[in-house]
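The structure under discussion appears below in the form of structure tokens.
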Amino acid sequence: MMTLTTNQLSAVFHFPVQIYYEDTDFSGVVYHPNFLKYFERAREHVIGAQELNQLWQQHGLGFAVYRSDMLCHDGVEFADIIDVRTQFSFESKYRTVWRQQIWRPAASKPAVTATIEMVCMNKKRQLAPMPLSLIEQLSAQRP
């Protein structure tokens, strides 16, 4: 039986996002709540949409944000193609921590950084352990 190894970071996953005018405010800079959407899409990309759908349909389980901490270091602008870099770790059989960064093209530092804690919940909105199959799938993606 597999044991859950906590606090070990995964490999870095890259997810490109095109910045459209609709993502920006009047000045052409990305409106800050949109960064949370980009981070969400990148996490979905790591786990897989089909896997998340199957988790909900077959097991009645899903993920909810428990805590988030986001810092905006630099503006992201209309027409940029950003690289959302994602790593995760298991904190317990109920919780994962995602460390994410948004990089602009040719930048020397991230424009936005975030740490997002996710918990696994059932349809009654109660904490539930992640299925072993999901833990194994995600663990296979770690170094």
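The values are calculated or read from the model by the stated rules, or taken from the named source; none is laboratory data. Keep in mind that this is a model prediction, so the values were computed, not measured. Glycine also receives a Cβ, built like all others from the backbone with ideal geometry; neighbour counts cover every protein chain displayed. Note: areas computed on protein heavy atoms with side chains; ligands, DNA, RNA excluded. Shrake-Rupley method; radii C 1.70, N 1.55, O 1.52, S 1.80 Å.
Select, from Ala114, Ala79, Ala107, the only residue that is open to solvent by less than 50 Å² (accessible area, probe 1.4 Å), over 17 Å from the mean Cα position of the chain (by Cα) and hydrophobic (A, V, I, L, M, F, W, C). Walk me through it before giving the result.
On the way: Ala114 fails: over 17 Å from the mean Cα position of the chain (by Cα); Ala79 fails: open to solvent by less than 50 Å² (accessible area, probe 1.4 Å).
One residue alone meets the criteria, Ala107.
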Review point. For the range 59-68, does any single residue satisfy the condition of being over 17 Å from Glu117 (Cα atoms), touching a helix residue (DSSP H, G or I) at 6+ places or on another chain (Cβ under 8 Å) and of a type outside the set (Lys, Arg)?
Key: no
**Study point:** Criterion violated by Leu52 - all others in (1) open to solvent by 80 Å² or more (accessible area, probe 1.4 Å); (2) outside any strand (DSSP E or B); (3) not small (Gly, Ala, Ser) satisfied
**Key:** (1)
Review point. Identify, please: which residue in the range 1-49 is touching a strand residue (DSSP E or B) at 6+ places or on another chain (Cβ under 7 Å), within 23 Å of Tyr66 (Cβ to Cβ) and small (Gly, Ala, Ser) and is, among those, surrounded by the fewest Cβ atoms within 10 Å (Cβ to Cβ)?
Key: Ser10
Practice item. Give the range 117-142 a look and list any residue that's modelled with pLDDT of 95 or more, open to solvent by less than 20 Å² (accessible area, probe 1.4 Å) and under 18 Å from Glu40 (Cα atoms), or say none. Key: Met118, Val119, Cys120
